[in-house]
Ligand SMILES: Cc1ncc(COP(=O)(O)O)c(C=O)c1O
């Protein structure tokens, strides 16, 4: 007898492969493969997390009420328009399950964050990729791919793994070109790091539209990746739909407590931004000076391209760096086999990467 069979689409998914964190035995590992912050979590968030340990036997409050109030007050938002989740990954899944089904299409850019494709297939719908220009989402190309079946458009801004972004004018142009029944999902996981005057995370577009949501995460600048915490702001109708299908206790109490403390620790966030400003610029400059192609990034990571020559390729560089405990991210699954993604790390790790790549290129 045949066993249970998942819905069509599920077995066509290539499961997401997280950044590796191993290197040869005895070598100190610098994990620069998951865009985590080198500053760690705020001491205030850690203390709140520990204190929450007193209540592990109790179910958490189910609507993340206090956390939503803290986020609302920080960003000037209506808490009723917020939804918290177990990482923004959960929010992306909920959006797909609520708005997509067999026969529907969800659009993303060619090298967009992989989870969009996964959640679309998981919902039984069809992911559609639009070509990029200079590793950057292309509004005209995205709009050209819209069909009667399009229900969702996912845009990571800035994008992972390329580090590029769309200026607000371009995001507005994309939105203006979409039908009112298409939901535009702005994924601003790296928004806090962006230093560009023409960037807007999505707060303004969400405030003025009925078909735009923005997802944010506590995993990146707030250093709470291990707790799984994200939030979304959107029109009341979208929030209401997702609240119907989410798990009743989708955010844990320790995560809520740590999130509230993290969002209140502005000095810690400022220190993370300052660290990133300094080392993102330094890495970009030093790696370019080695003759490597570095795609200009506004996130806390850079995409470094290598020539596809034996001995010099991204795969060779990855093996060379891993031997030295420097763990970067292969991005073949994003259609980028000739590049590696490097997270801005602590000073020592950044220096070691540049030194090792110099050695790699001159050996
Ligand atoms: C663009 C983008 N969106 C969402 C996520 C998921 O973040 P979370 O840890 O909140 O699930 C990531 C994490 O790598 C990301 O790069």
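Within the bounds of region 258-265, is there any residue that is assigned to a helix (DSSP H, G or I), within 20 Å of the chain's Cα centre (by Cα) and under 27 Å from residue 29 (Cα atoms)?
yes
Taking region 97-116, which residues are more than 19 Å from residue 163 (Cβ to Cβ) and either under 16 Å from the mean Cα position of the chain (by Cα) or assigned to a strand (DSSP E or B) (or both)? Please lay out each step first, then the result.
Here is the first cut: in region 97-116, the ones more than 19 Å from residue 163 (Cβ to Cβ) are 97-107.
105, 106, 107 - these are the residues of region 97-116 that are more than 19 Å from residue 163 (Cβ to Cβ) and either under 16 Å from the mean Cα position of the chain (by Cα) or assigned to a strand (DSSP E or B) (or both).
For the condition crowded, with 21+ Cβ neighbours inside 10 Å and outside any loop (DSSP other than H, G, I, E, B), what is the one hit in 317, 333? First the steps, then the outcome.
Numbers: 333 fails: crowded, with 21+ Cβ neighbours inside 10 Å.
Of the residues listed, the single one that is crowded, with 21+ Cβ neighbours inside 10 Å and outside any loop (DSSP other than H, G, I, E, B) is 317.
Just one of (1) closer than 15 Å to residue 67 by Cβ; (2) part of a loop (DSSP other than H, G, I, E, B); (3) within 20 Å of the chain's Cα centre (by Cα); (4) away from the ligand (no atom under 14 Å from the Cβ) trips up residue 250, so point out which.
(4)
Would you call residue 206 in a strand (DSSP E or B) and in contact with a strand residue (DSSP E or B) (Cβ under 8 Å, 6 or more places away or on another chain)? It would help to see each step written out before you state the result.
Numbers: in a strand (DSSP E or B): no; in contact with a strand residue (DSSP E or B) (Cβ under 8 Å, 6 or more places away or on another chain): yes.
Judged against the criteria, residue 206 is not a match.
On the given criteria, is residue 171 crowded, with 19+ Cβ neighbours inside 10 Å, within 16 Å of the ligand (Cβ to nearest atom) and in contact (Cβ under 8 Å) with a residue 40 or more places away in the chain? If you could, list the steps in order and put the result at the bottom.
On the way: crowded, with 19+ Cβ neighbours inside 10 Å: yes; within 16 Å of the ligand (Cβ to nearest atom): yes; in contact (Cβ under 8 Å) with a residue 40 or more places away in the chain: no.
Criteria not met by residue 171.
How many residues does region 135-158 contain that are part of a loop (DSSP other than H, G, I, E, B) and without any contact (Cβ under 8 Å) to a residue 60 or more places away in the chain?
Residues of region 135-158 that are part of a loop (DSSP other than H, G, I, E, B), as a first pass: 135, 138, 145-149, 157-158.
Remaining after also requiring without any contact (Cβ under 8 Å) to a residue 60 or more places away in the chain: 138, 145-149, 157.
Number of matching residues: 7.
Conditions (1) within 16 Å of the ligand (Cβ to nearest atom); (2) surrounded by fewer than 18 Cβ atoms within 10 Å (Cβ to Cβ), marked per residue:
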residue: 8; (1), (2): no, yes
residue: 20; (1), (2): yes, yes
residue: 23; (1), (2): no, no
residue: 36; (1), (2): yes, no
residue: 46; (1), (2): no, yes
residue: 53; (1), (2): no, yes
residue: 56; (1), (2): no, yes
residue: 72; (1), (2): no, yes
residue: 83; (1), (2): yes, no
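What's the total number of residues in region 209-229 that are more than 9 Å from the ligand (Cβ to nearest atom) and assigned to a helix (DSSP H, G or I)?
Total satisfying the criteria: 2.
Determine, yes or no, whether residue 77 is more than 15 Å from the ligand (Cβ to nearest atom), touching a residue at least 40 places away in the same chain (Cβ under 8 Å) and either surrounded by fewer than 17 Cβ atoms within 10 Å (Cβ to Cβ) or in a loop (DSSP other than H, G, I, E, B) (or both). First the steps, then the outcome.
Details: more than 15 Å from the ligand (Cβ to nearest atom): yes; touching a residue at least 40 places away in the same chain (Cβ under 8 Å): yes; either surrounded by fewer than 17 Cβ atoms within 10 Å (Cβ to Cβ) or in a loop (DSSP other than H, G, I, E, B) (or both): yes.
Taking the combined requirement at face value, the residue satisfies it.
If you go through region 99-112 one residue at a time, how many are touching a residue at least 60 places away in the same chain (Cβ under 8 Å), surrounded by fewer than 23 Cβ atoms within 10 Å (Cβ to Cβ) and either within 12 Å of the ligand (Cβ to nearest atom) or farther than 23 Å from residue 176 by Cα (or both)?
Residues flagged as touching a residue at least 60 places away in the same chain (Cβ under 8 Å), surrounded by fewer than 23 Cβ atoms within 10 Å (Cβ to Cβ) and either within 12 Å of the ligand (Cβ to nearest atom) or farther than 23 Å from residue 176 by Cα (or both) within region 99-112 amount to 1.
When you go through 114, 183 one by one, which is the residue that is modelled with pLDDT of 95 or more and in contact with a strand residue (DSSP E or B) (Cβ under 6 Å, 6 or more places away or on another chain)? Quick ask: steps written out before the conclusion?
Details: 114 fails: in contact with a strand residue (DSSP E or B) (Cβ under 6 Å, 6 or more places away or on another chain).
The match here is 183.
Can you pull out every residue in region 17-37 that is outside any strand (DSSP E or B) and modelled with pLDDT of 90 or more? Walk me through it before giving the result.
Initial filter on region 17-37 (outside any strand (DSSP E or B)): 17-29, 32-37.
Residues satisfying the conditions are 27, 28, 29, 32, 33, 34, 35, 36, 37.
Please verify whether region 187-199 includes one or more residues that are free of Cβ contacts under 8 Å to residues at least 60 places away in the same chain, away from the ligand (no atom under 16 Å from the Cβ) and crowded, with 17+ Cβ neighbours inside 10 Å.
Step one: of region 187-199, the residues free of Cβ contacts under 8 Å to residues at least 60 places away in the same chain are 188, 191, 197-198.
Narrowing the set further to residues that are away from the ligand (no atom under 16 Å from the Cβ) leaves 197-198.
Still in the running and crowded, with 17+ Cβ neighbours inside 10 Å: none.
Checked against the condition, which is being free of Cβ contacts under 8 Å to residues at least 60 places away in the same chain, away from the ligand (no atom under 16 Å from the Cβ) and crowded, with 17+ Cβ neighbours inside 10 Å, region 187-199 yields no hits at all.
The values are calculated or read from the model by the stated rules, or taken from the named source; none is laboratory data. In this text, all values refer to a predicted model and were calculated from it rather than measured experimentally. Methodologically, a virtual Cβ is constructed for each residue, glycine included, from the backbone with ideal geometry; neighbour enumeration extends over all protein chains shown.
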